1. Of the residues in the stretch 29-42, how many are part of a loop (DSSP other than H, G, I, E, B) and surrounded by fewer than 10 Cβ atoms within 10 Å (Cβ to Cβ)?
2. Hey, could you check the stretch 71-87 for residues that are of a type outside the set (D, E, K, R) and under 20 Å from Arg35 (Cβ atoms) and say which is modelled with the lowest pLDDT?
3. I need the full set of residues from the stretch 11-23 which are of a type in the set (D, E, K, R) and outside any strand (DSSP E or B), in order please.
4. Please pick out the residue among Arg45, Arg57, Arg26 that is surrounded by 11 or more Cβ atoms within 10 Å (Cβ to Cβ), out of contact with any His (no Cβ under 8 Å at 6 or more places or on another chain) and of a type in the set (D, E, K, R).
5. Does Leu8 count as touching a Gly at 6+ places or on another chain (Cβ under 8 Å), surrounded by 10 or more Cβ atoms within 10 Å (Cβ to Cβ) and either of a type outside the set (S, T, N, Q) or not in a helix (DSSP H, G or I) (or both)?
6. Quick check on Arg26: is it farther than 18 Å from Val14 by Cα and over 10 Å from the mean Cα position of the chain (by Cα)?
7. Take Val33 and decide whether it is under 16 Å from Ser2 (Cα atoms), within 16 Å of the chain's Cα centre (by Cα) and modelled with pLDDT of 90 or more.
Amino acid sequence: MSDIVDRLEAHEMVRREPDRSDHRVRRVVATAVGRDTVQRLLAARPQLSRPPLERLRLDVLRALTQGIAAWLEVARELGEGPSEQTN
């Protein structure tokens, strides 16, 4: 799972934040870029809306997340996706 989050973070889709009550936990939070990407996907494909997603098993949602991250990587390589930010 952390590989998926690493890739989403590299594409500025999410960021990790410390948990306020448990220092061992890092929360994954969608960024503006991530929220915008999801909104654009939902607008382009209404069939991806919440009700169908809620019916998917967790392993299927993880695979979907990994597929979207891979798609974003290729789009970025082609100059069509969000750029990576270097710190």
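1. Of the stretch 29-42, the ones part of a loop (DSSP other than H, G, I, E, B) are 31.
Keeping just the survivors that are surrounded by fewer than 10 Cβ atoms within 10 Å (Cβ to Cβ) gives none.
Counting residues in the stretch 29-42 that are part of a loop (DSSP other than H, G, I, E, B) and surrounded by fewer than 10 Cβ atoms within 10 Å (Cβ to Cβ) gives 0.
2. Restricting attention to the stretch 71-87, the residues satisfying the condition of being of a type outside the set (D, E, K, R) are 71-72, 74-75, 78-79, 81-83, 85-87.
Still in the running and under 20 Å from Arg35 (Cβ atoms): 71-72, 75, 81-83, 85.
Numbers: Trp71: 85, Leu72: 84, Ala75: 83, Gly81: 56, Pro82: 55, Ser83: 52, Gln85: 44.
The qualifying residue modelled with the lowest pLDDT is Gln85.
3. Taking the stretch 11-23 first, the residues of a type in the set (D, E, K, R) are 12, 15-17, 19-20, 22.
Residues satisfying the conditions are Glu12, Asp19, Arg20, Asp22.
4. Details: Arg45 fails: surrounded by 11 or more Cβ atoms within 10 Å (Cβ to Cβ); Arg57 fails: surrounded by 11 or more Cβ atoms within 10 Å (Cβ to Cβ).
The conditions single out Arg26.
5. Values: touching a Gly at 6+ places or on another chain (Cβ under 8 Å): yes; surrounded by 10 or more Cβ atoms within 10 Å (Cβ to Cβ): yes; either of a type outside the set (S, T, N, Q) or not in a helix (DSSP H, G or I) (or both): yes.
The answer is yes for Leu8.
6. Working: farther than 18 Å from Val14 by Cα: no; over 10 Å from the mean Cα position of the chain (by Cα): yes.
Considered against the rule, which asks whether it is farther than 18 Å from Val14 by Cα and over 10 Å from the mean Cα position of the chain (by Cα), Arg26 comes out as no.
7. Working: under 16 Å from Ser2 (Cα atoms): no; within 16 Å of the chain's Cα centre (by Cα): yes; modelled with pLDDT of 90 or more: yes.
No: the conditions fail for Val33.
The values are calculated or read from the model by the stated rules, or taken from the named source; none is laboratory data. Treat the numbers as computed from the prediction; the structure is a model and nothing was measured. Backbone-built Cβ (ideal geometry, glycine too); neighbour counts: all protein chains shown.
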